[in-house]
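No lab work stands behind these numbers, since they all come straight from the coordinates. Quantities reported herein were computed from a predicted structural model and do not represent experimental measurements. Glycine also receives a Cβ, built like all others from the backbone with ideal geometry; neighbour counts cover every protein chain displayed.
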Amino acid sequence: MDALVFVAVLAAALGHASWNALVKGGGDHLVTTAQLNVVTLACGLALLPWCGPVADAALPYLIASIVIHDAYFFALIMAYRAGDFSRVYPIARGSAPLAVAVLSHFFAAQALAPWGWFAVLLVSAGIASLALIGARRSGAASARAVAWALATGTTTVAYTFIDGLGVRANGEALSYTAWLFIGCTPAVAAVALWRRGPQVLAASGASWLKGGGAGALAILSYGLVLWGMSLAPFAYVAALRETSVVFAAIIGTRLMGEPFGRARIAAALAVVVGLVLLRVPG
């Protein structure tokens, strides 16, 4: 993987963990997610003068991704309502790298070298370990939280693979990113207005700061991922992106008072070794 792509997707992983922490800590998760989408809509509209329309070949992928992203946002809201950040986030993200690698191998003609498979497996194992550690530390968490986290993970796998195909069919990432986030907003905003009414618009400045910050990080981080998938194998980008669980563990430790411990350090080291292998040329 090219060094610039590697650094960009790693930055996207940090951005993703950060905006999820803002949503989790934002009070009313539906209101915060609606605020996030309002900001991504504004950013998408601001990008339009700098990019053209989406290519016809990419439209089916874009439409499918918008629908799946809306499902992702609602599953994520339910997961954060039911469970702790340190448990929900690793489970929601951990299923993507290996699943995307398999889908890319069979349906996108992106065969990985043996070391590539090992790297993806190692990253996935580290992420899964973080999830299991979180589960052990939060034994009182409900099965409902796990179910919604798994649903979130399923949508993550689906939109990652679809967007990888879509951005390549489009030929460039900027217009695809802009129209994707423009398209995601109406459904989330409509549900938020239906369920919360004026509360969405009357939210405090601090609430809008959190939601707005989450939105800016969301469109920036996923834009970097889409750009990365236009240049590098989907499986490598997905594995690198989901190292966000390591950043999430650090955020949980430093900002949410959650213990890290030796087991989490070992799991994080497995992820780091996998990252080093992803940088092996070939």
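What does the extension gain come out to for A190 and A11, with contour length at 0.36 nm per residue minus their alpha carbon separation?
Details: separation 179, 0.36 × 179 = 64.44 nm, distance 3.13 nm.
Full extension from A190 to A11 adds 61.3 nm.
So what's the net charge close to M229: Lys and Arg +1, Asp and Glu -1, counting the other residues with Cβ under 15 Å from its Cβ?
On the way: positive: R168, R241; negative: D2, D163, E172, E242.
Neighbour charge sum, excluding M229 itself: -2.
Could you compute the net charge surrounding I63? Neighbours are other residues with a C-beta less than 13 Å from the C-beta of I63; K and R count +1, D and E count -1. Walk me through the numbers before you get to the answer.
Details: positive: none; negative: D56, D70, D163.
Charge balance near I63 sits at -3.
Less than 14 Å Cβ to Cβ from N170, Lys/Arg counted +1 and Asp/Glu -1: what total charge do the surrounding residues give? Provide the component values of the computation, followed by the final result.
Details: positive: R168; negative: D56, D163, E172.
Taking every Cβ under 14 Å from that of N170, the sum is -2.
If amide hydrogens are placed 1.01 Å from N in the peptide plane, which non-local residues have theirs closer than 5 Å to the one on D84?
Excluding prolines and chain starts, which carry no amide H, there are no hits.
Across region 217-231, in residue order, what do the Karplus-derived ³J(HN,Hα) couplings come to in whole Hz, using 6.51 cos²θ - 1.76 cosθ + 1.60 with θ = phi - 60° and x for Gly and Pro?
Values, residue by residue: 5, 5, 6, 5, 5, 6, x, 5, 5, 4, 4, x, 6, 6, 10 Hz.
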